[in-house]
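One structure below.
The values are calculated or read from the model by the stated rules, or taken from the named source; none is laboratory data. Everything numeric here is computed off the predicted structure, so don't read it as measured data. Glycine gets a Cβ as well: all are built from the backbone with ideal geometry, and neighbour counts include every protein chain shown.
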Amino acid sequence: MTVSNDAGIVPAATKATTDETFHPDGGSVPRSRTGRLTLLALALGTFCIGTTEFASMGIIQLFAGSLGVDLATATHAITAYAIGVVMGAPILTIAAARLNRRTLLLLLIGVFVAGNILSALADSLAFFVAARFISGLPQGAYFGAGAVVASYVVGPGRSGQAFAIVMTGLTIATIIGSPLATFLGQSVGWRETYLCIATLGLVSFISLWLFVPRTSALDGASIAHELSGLRKGRVWLMMVVAALGISSIFAVYTFIAPFVTDLVLLRPEMIPPALAVFGVGMTVGNLYGGRLADRYPRLGITAGYGCTLLVLVLLALWGANPWVFFPAMFGVGATMMVAIPTIQVRLTALAPESTTLMGAMNLASLNVANALGAWAGGLTIGAGLGLLWTVWAGFLLTSAGLVLFIVAMSADHRRSGG
């Protein structure tokens, strides 16, 4: 038996557990050690995923040189990863709809480990692109299943914070994982970077095995039940809003290494600090965005996208100055991440019967943004317009996302008779 909340479908059997496990003041931190370890295990998995995704941007010059391709061509590997996420999110989530979420998480991390081992073994661009595609396949489904488990742990009414907890591992990866992976790639080699990520994935597998609860409350649903959410036009519209709006992150972040060395004219050793600054911004924005999503579910997107546009203008006009570049990196990460938990809450509110799939499709939308941003940035560079034009490309995409969201909300307001 289930009851519905703003996050989707929550097992009724969890109500007593929620009352006993969480702070009476409404905080979202579990009292029990087991609950905290469950959230930590989930975040470790997203940390691994975030590290492999964002590390590729930091070492793009390394694997491009090793595989004998130029920078614009090397972005195909980043695009392939994003396409893997976009395809894997619905396909794996639907195919495994009946599986218990704990079992699904373990299977997905296993695919992740295999993909990163193959990435390290690649001896050609085609092999490497295929390996990155495989590495991306489990990401969306992992976030979808992880959001369901996190919602079970934190209790009803906090779906935004639950998703933010799952996302925290990814944002911390941009502070610690990606800079360390970039440093490792520069010091030892890019292949060793992916092998280390695969090893960390094995640690994540063990953590999930030990700490995600074995409970029927996390059992899957029928395939038809999950698919029903995709029949709603407003769900697809929200995913387009996400893909367009978030793409500016990747139009900038994909080229952060050449930004540091070729635009700001700093040494390559300053690439990891730039990645870390960006990651701190993402973490701050994510944590704030989770709370904002639960309280003001529309404001997160309009405020996040609007502030991102302002920061992008500053970066495009004065980004060659290090005193502007580093604060702008923080600002782009922070302002954009404010919107992402709100997008998740909006999707699950539109399709509460398809909670796992909505979490997966949210991440799929973000990786459409990844592919779109990397493609748009690569297009401007390939046209000889220069690095700063990647920022303007991102500005146009986010502007389109913001306008579309405002139009959609206005239509909803008129439909409701407001």
Give me the residue from segment 260-298 that is outside any helix (DSSP H, G or I) and among the charged types (D, E, K, R) and, out of that set, surrounded by the most Cβ atoms within 10 Å (Cβ to Cβ). Arg298
Report yes if some residue within segment 394-415 is of a type in the set (Lys, Arg), over 28 Å from Leu287 (Cβ atoms) and either at pLDDT below 85 or in contact with a Pro (Cβ under 8 Å, 6 or more places away or on another chain) (or both); otherwise report no. yes
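Does Val332 count as under 17 Å from the mean Cα position of the chain (by Cα) and at pLDDT 85 or above?
Numbers: under 17 Å from the mean Cα position of the chain (by Cα): yes; at pLDDT 85 or above: yes.
So Val332 fits the description; yes.
Specify which of the listed residues (Ile175, Ile117) is within 18 Å of the chain's Cα centre (by Cα) and β-branched (Val, Ile, Thr). Break it down into steps so the answer makes sense when it comes.
Values: Ile117 fails: within 18 Å of the chain's Cα centre (by Cα).
One residue alone meets the criteria, Ile175.
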Residue pairs within 6 Å by beta carbon, gap of at least six or interchain, first lying in segment 285-308 and touching a residue at least 40 places away in the same chain (Cβ under 8 Å), second in a helix (DSSP H, G or I) and among the aromatic types (Phe, Trp, Tyr), listed first then second, are Ile301/Phe405
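Given the criterion hydrophobic (A, V, I, L, M, F, W, C) and without any contact (Cβ under 8 Å) to a residue 12 or more places away in the chain, identify the matching residue among Val403, Val338, Val368, Val345. It would help to see each step written out before you state the result.
Numbers: Val338 fails: without any contact (Cβ under 8 Å) to a residue 12 or more places away in the chain; Val368 fails: without any contact (Cβ under 8 Å) to a residue 12 or more places away in the chain; Val345 fails: without any contact (Cβ under 8 Å) to a residue 12 or more places away in the chain.
Within the list Val403, Val338, Val368, Val345, the selection yields Val403.
With respect to Val149, determine if the residue is over 19 Å from Thr51 (Cβ atoms), out of contact with any Leu (no Cβ under 8 Å at 6 or more places or on another chain) and not acidic (Asp, Glu).
Considered against the rule, which asks whether it is over 19 Å from Thr51 (Cβ atoms), out of contact with any Leu (no Cβ under 8 Å at 6 or more places or on another chain) and not acidic (Asp, Glu), Val149 comes out as no.
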Of the residues Val313, Val264, Val324, which is of a type in the set (Val, Ile, Thr) and within 25 Å of Thr193 (Cβ to Cβ)? Val264
Any residue in segment 256-280 that's in contact (Cβ under 8 Å) with a residue 60 or more places away in the chain: show its pairings with residues that are buried (at least 18 other Cβ atoms within 10 Å of the Cβ) and assigned to a loop (DSSP other than H, G, I, E, B) at Cβ separation under 7 Å, as long as the two are six or more apart or on different chains. Pro258/Leu387; Phe259/Leu387; Asp262/Leu387; Leu263/Gly319; Leu263/Leu387
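Go through Ser151, Ser135 for me and flag whichever is part of a helix (DSSP H, G or I), within 19 Å of the chain's Cα centre (by Cα), small (Gly, Ala, Ser) and under 25 Å from Leu37 (Cβ atoms). Please lay out each step first, then the result.
On the way: Ser135 fails: under 25 Å from Leu37 (Cβ atoms).
Selected residue: Ser151, the only one of Ser151, Ser135 that is part of a helix (DSSP H, G or I), within 19 Å of the chain's Cα centre (by Cα), small (Gly, Ala, Ser) and under 25 Å from Leu37 (Cβ atoms).
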